Structure formats: structure tokens, C-alpha cells
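Data block below; observations after.
Just so it is clear, none of the values below were taken in a lab; they were calculated from the coordinates. It should be emphasised that the depicted structure is a prediction, and the values quoted were computed from it without experimental measurement. For neighbour counting, all protein chains shown are included, and Cβ atoms are generated from backbone atoms with ideal geometry for every residue, glycine included.
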Amino acid sequence: MSKKSILLDYSAIQLRERLKQTEIPAYVGDQCLDWVCQKHHLSFDKMANISKKNRALLAEMFDVHPFAKVEKVADSDDKAIKYILHLHDGPRVEMVVLKDPRYYSLCVSSQSGCPVDCKFCLTGVRGFKRQLSVAEILGQLLIAFSEGYPISRLIFMGMGEPLLNYEALIPALAMITSEKGFGIGQRKITVSTVGYLPGVKRLIKEQVYLNLAFSVGSTDPLIRRKIMPIQSRFSIAEMALVLHQYQGMHNRKLTLEYTLLKGVNESELEMKGLINLATYLDAKVNLINLNPHPEIPYQPVSSSRVYQLQGQLRKKGVSVTVRMRKGQDILAACGQLGGA
């Protein structure tokens, strides 16, 4: 494993301060970040406005990104491209480029594995490895951009619970949205959470306003506890109250993600609970039919059932969409990222 620092672990201010301790002029830090975050270069060799001497010194001090190896897997219709990123200490993390006729999105991971153990998600079933660093989060964007994908939207819905990695998530988001960073607008970024209550409370306390997506699972506490063990620690009722407070602080629409499990959470009573929750939070609903895997003990509902439920929600005035399946054949769909 390299003993060098990782360039993407530094903000613009931090990088200038670091270079002040060397013979490299501090302003070179801004030039470096421009080449990496705006021009998407993976090495110092072609940073033409930096002297050859300073490029050599930078290469001795830093690696641009933190990955030991990058593997690429495209699905059969080329609408999803999964990247398996090997970390230097052994764990792997996955990210997915999603193609839409109008834009490209990147599904970003925040942890290697996941500790919250949702029973319908392969990442959770396979357990937690470790947190990702700021550079390991930002490196996912860099790899996608360097591969030529014009990413304009980010969804933190890959491996891990983002709010459990708050200390890396928030600095990473700052660099993502900064003009000296990747320059992606805040409204183009969505962060998903299973309902880690302390994380949302910290967002409120620190006045950090995000497009949040809340993974509901079920509005029935007993069913939710069975399929999402986090319910035992932070109830959906508590989460609804805190989300209501958070939504009142800004004007960004909350999304309720609802993964449909055949015979588990698709009843009329469940839909009534989901309608009530969406109405209380003034939230839109995204229905997600389960993407099956042999290690997941549940099955999806039929396509006709998905659209039947969508119609029920719409009749009650709920804004609702159905998430299109992409990447199932390469285990890149929602809930299928397992670290390969």
C-alpha cells in the first residue's frame, strides 16, 4: 500500500496549507484540483501549467485517487455500468453509472458494506467492512468522469448508510458542489438514509440542507423491524417527526423510497400508512420493485401490481414514480451491490 497522501482527501484550503510546508508554491494546489476535479486527470504527468519539477514533487507526495484497481462491468443494454473499486487494504466498493436519455447519474457508495442490515439489500446482508474516506467517495466521481461519462446527477444510494459516515460525507459534498471542486449543483444530489436519526438531527443542528430520500420499508413497526432492524433503535414515528422538522427548514422535496416485497409490505393497510406518511411529510414516493438475489429471502411483486399500487397512491393525491430497473443482469440494480 502506498504511503503517499491522497490528493482528493484535501480541500482547496487544506491543500494550499499542505503545500506551504514544501517548496511547491501554494497556488499550485488550485491548479492541481482544477486538473483533477474539472479536467478529470488521474495523474500529474499532463498538468501542463505546472512545472515539470513541481509535477515530480507532487507525484512523490500524492496519489490522485485511492484505488488499487478498477474493474468495469456493463449490462446487456448498456444502461448501467458497474465499477468495482479495490481499496488498498483489501475491501471493495461498487459504484454504478446510470444512463438516461436526458442525463447521466452516478450511484455513489459511502461505506464498504453496510452495518444496518436491511434484509432486502445484498449490501446489508453481506455485512460491514469499513467507512470510506473523503477521497474514496470523491474518487468514484473522478473515475466516472475520467471514463468520459458526463455525470450531472449524484445519488448516494450505493453501498452503505451515508449518515453513518457523516464525517466523510459532508466534506465530500462540499468538494462536489464547490466551484474549485466538481461543481455539481446541490439540487442535483440526493442522499438516501434508512432512518439514522442522529444523522438527520445533526443536519438540522448544523443547518445542512440536502435532498433526502428516506427508505421506508414498511409503515407497520412490526414488519419494519423484521425487514429493517434499525427500526428497533430509531422508530419510523420518531423519524417522521424529525423529517417533518427538517423539511420545514428548507424547500427541497423529500422522497420516500418504498421497496416492494411480495406478501410482506404491499397490503392495502400498508398503502394507507404510506399515503398518510407521504401526506404528513409532503413527500413524493418512489416505488422500487425488489431486485432479487439468492441471498435475499424475499421476492418482487408482479409488474402489474407495481402499477396498481402506483395508481392507488395517485388517486389519493400522492406524487409517485416507479424506479426503472437497470443493471439487474450484472448485479448493479438497487439493493444488489455486494462488493462483488
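Values for this structure:
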quantity: Percent antiparallel among DSSP beta bridges (both partners in the chain, rounded to 5); calculated: 45
quantity: Cα-based equivalent ellipsoid, segment 252-312: semi-axes from gyration tensor eigenvalues, Å; calculated: 22, 13, 10
quantity: Ranked list, fewest to most other Cβ atoms within 10 Å of each Cβ, for M228, M271, M249; calculated: M249, M271, M228
quantity: Radius ratio Rg over Rh of the chain, counting only Cα atoms, Kirkwood formula for Rh; calculated: 1.00
quantity: Pair-distance profile P(r), taking every C-alpha pair of segment 133-228, with 5 angstrom steps and integer %; calculated: 3, 11, 21, 24, 18, 10, 7, 4, 2, 0
quantity: Förster radius 25 Å - calculated FRET efficiency between E167 and K3, Cβ distance, rounded to 0.05; calculated: 0.65
quantity: Spherically averaged projected area of segment 5-63 from its Cα convex hull (nm²); calculated: 3.4
quantity: Scattering curve values for segment 1-160, log₁₀ I(q)/I(0), Debye with Cα scatterers, q = 0.09, 0.11, 0.18 Å⁻¹; calculated: -0.33, -0.49, -1.11
quantity: Radius of gyration and maximum dimension Dmax of segment 197-310, Cα, Å; calculated: 14.6, 43
quantity: Label-to-label distance, nm, for residues given as Q299 and I13 (7 Å Cα→Cβ offset); calculated: 5.6
quantity: Qualifying chymotrypsin sites (Phe, Trp or Tyr not before Pro) for segment 51-119 [loop in DSSP, other Cβ within 10 Å: at most 14]; calculated: Y103
quantity: Cβ-derived FRET efficiency at R0 25 Å, K46 paired with E23, nearest 0.05; calculated: 0.70
quantity: Where no second cysteine Cβ lies under 4.7 Å, the cysteines concerned in the chain; calculated: C32, C37, C107, C114, C334
quantity: Relative contact order computed over segment 52-167 (Cα-Cα under 8 Å; 6+ residues apart), in percent; calculated: 24
quantity: Directionally averaged shadow of segment 276-339, computed from the convex hull of its alpha-carbon atoms, nm²; calculated: 5.3
quantity: Per-bin percent of Cα-Cα distances, segment 43-132 [5 Å]; calculated: 3, 12, 15, 16, 15, 15, 12, 7, 4, 2, 0
quantity: Neighbour-count order for K4, K20, fewest beta carbons within 10 angstrom listed first; calculated: K20, K4
quantity: Förster radius 41 Å - calculated FRET efficiency between N276 and R126 (Cβ-Cβ, nearest 0.05); calculated: 0.75
quantity: Restricting segment 1-50 to chymotrypsin sites (Phe, Trp or Tyr not before Pro) in coil, as DSSP defines it, with at most 12 other Cβ within 10 Å; calculated: Y27
quantity: Normalised contact order of the chain, rounded percent, pairs of Cα under 8 Å and 6 or more residues apart; calculated: 16
quantity: Residue-averaged [θ]222 nm for the chain, counting only DSSP H segments that reach four residues, each worth -39500 (n - 2.57); calculated: -9500 deg cm²/dmol
quantity: 5 Å-binned pair-distance histogram of segment 104-154 (Cα, whole percent); calculated: 5, 20, 21, 18, 17, 14, 4, 0
quantity: Relative contact order (%) - criterion: Cα under 8 Å, at least six apart; region: segment 5-63; calculated: 35
quantity: Of K3/K226; K99/K119; K180/K201, those spanning more than 32 Å from alpha-carbon to alpha-carbon; calculated: K3/K226
